[in-house]
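The values are calculated or read from the model by the stated rules, or taken from the named source; none is laboratory data. Only a predicted model underlies this, so the values are computations on that prediction, with no experimental measurement involved. No Cβ is skipped: glycine too gets one built from the backbone with ideal geometry, and neighbour counts run over all protein chains shown. Side chains included, ligands, DNA and RNA excluded: accessible areas come from the protein's heavy atoms. Shrake-Rupley method; radii C 1.70, N 1.55, O 1.52, S 1.80 Å.
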Amino acid sequence: MTKRIRAKHKIDRRLGENIWGRPRSPVNKREKRPGQHGDRRISKLSDFGQQLKAKQKLKGYYGNISERQFLRIYKEASRLKGSTSEHIIGLLERRLDAVVYRAKFVPTVFAARQLVSHGHVSVHGRKVTIASYRVRPDDVIEVKEQSRQIPMVLEAVNSAERDVPEYIDADHGKMVAKFVRVPVLSDVPYPVHMEPNLVVEFYSR
């Protein structure tokens, strides 16, 4: 078991939810938290605790991105007109690693980050190695031809575990995806209930 997989499972256990909806999540077998005292009764969360959990869950879902990056996304979303919570989701879904994951080119968001950082992905024919690169509507994302036989890519393409959302047009035969539009919260196929409004409350305290 790789360090990446252990970290992913630890996030699930700490939050007590299968946030990626994967069948191998340890939460499917037991819901207690990690550690020797994980089976103790969990007290009801305070308002702050609920806000913190909502933030950690959203951060974890997108590959456990850093606090600095996440705070930067919140600040940018808060400057835009309209719903800050909706803008947070839109900005997160515009990350290149998120688009690669949504297009089903890889099985996990962690694998998406690895695929991008190793230079296997291009945007409009130009190699991009920054996972947080911001994709725009009508951008075309492609897995390089020599990278299409990577085992984890083949695994994802042939998996029936999840579907490609409608705001991404993916062609698995050519390994090309088009980012059609910026989604809103109701468009995003989260396996668990996400509460970006609580994230806004957390940062605006």
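Data table
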{"item": "Meets criteria (in contact with a Gly (Cβ under 7 Å, 6 or more places away or on another chain), open to solvent by 20 Å² or more (accessible area, probe 1.4 Å) and at pLDDT 90 or above) for Thr129", "result": "yes"}
{"item": "Helices (runs of 4 or more DSSP H) contained in the range 94-190 and holding at least 3 residues farther than 27 Å from Phe70 by Cα", "result": "151-158"}
{"item": "Filter result (without any contact (Cβ under 8 Å) to a residue 40 or more places away in the chain and either surrounded by 18 or more Cβ atoms within 10 Å (Cβ to Cβ) or not aromatic (Phe, Trp, Tyr) (or both)) within the range 132-142", "result": "Val140, Glu142"}
{"item": "Subset of the range 123-161 [of a type in the set (A, V, I, L, M) and either in contact with an Asp or Glu (Cβ under 7 Å, 6 or more places away or on another chain) or farther than 12 Å from His172 by Cα (or both)]", "result": "Val123, Val128, Ile130, Ala131, Val135, Val140, Ile150, Met152, Ala160"}
{"item": "Residues within the range 165-188 that are more than 19 Å from Leu80 (Cβ to Cβ) and open to solvent by less than 50 Å² (accessible area, probe 1.4 Å), tallied", "result": "6"}
{"item": "Among (1) surrounded by fewer than 18 Cβ atoms within 10 Å (Cβ to Cβ); (2) closer than 16 Å to Pro191 by Cα; (3) at pLDDT 95 or above, the one test that Ser117 misses", "result": "(2)"}
{"item": "Test result for Lys104, touching a strand residue (DSSP E or B) at 6+ places or on another chain (Cβ under 9 Å) and open to solvent by less than 70 Å² (accessible area, probe 1.4 Å)", "result": "yes"}
{"item": "Every residue from the range 55-70 that is open to solvent by less than 10 Å² (accessible area, probe 1.4 Å) and in a loop (DSSP other than H, G, I, E, B)", "result": "Tyr62, Gly63, Ile65"}
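Matching residues to (1) among the aromatic types (Phe, Trp, Tyr); (2) surrounded by fewer than 18 Cβ atoms within 10 Å (Cβ to Cβ); (3) more than 21 Å from Gly60 (Cα to Cα):
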residue: His124; (1), (2), (3): no, yes, yes
residue: Gln146; (1), (2), (3): no, yes, yes
residue: Tyr190; (1), (2), (3): yes, yes, no
residue: Met194; (1), (2), (3): no, no, no
residue: Glu201; (1), (2), (3): no, yes, no
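Residue-by-condition table, conditions (1) in contact with a helix residue (DSSP H, G or I) (Cβ under 9 Å, 6 or more places away or on another chain); (2) farther than 24 Å from Pro183 by Cα:
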| residue | (1), (2) |
| --- | --- |
| Val109 | yes, no |
| Arg113 | yes, no |
| Gly119 | yes, yes |
| Val128 | yes, no |
| Ser132 | yes, no |
| Val135 | yes, no |
| Asp138 | no, no |
| Lys144 | no, yes |
| Ser147 | yes, yes |
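Each row is one residue, and each column tells you yes or no for (1) under 28 Å from Lys178 (Cβ atoms); (2) at pLDDT below 95; (3) among the hydrophobic types (A, V, I, L, M, F, W, C).
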position: Gln50; (1), (2), (3): no, yes, no
position: Ala54; (1), (2), (3): no, yes, yes
position: Leu71; (1), (2), (3): no, no, yes
position: Ser78; (1), (2), (3): no, no, no
position: Ala98; (1), (2), (3): yes, no, yes
position: Phe105; (1), (2), (3): yes, no, yes
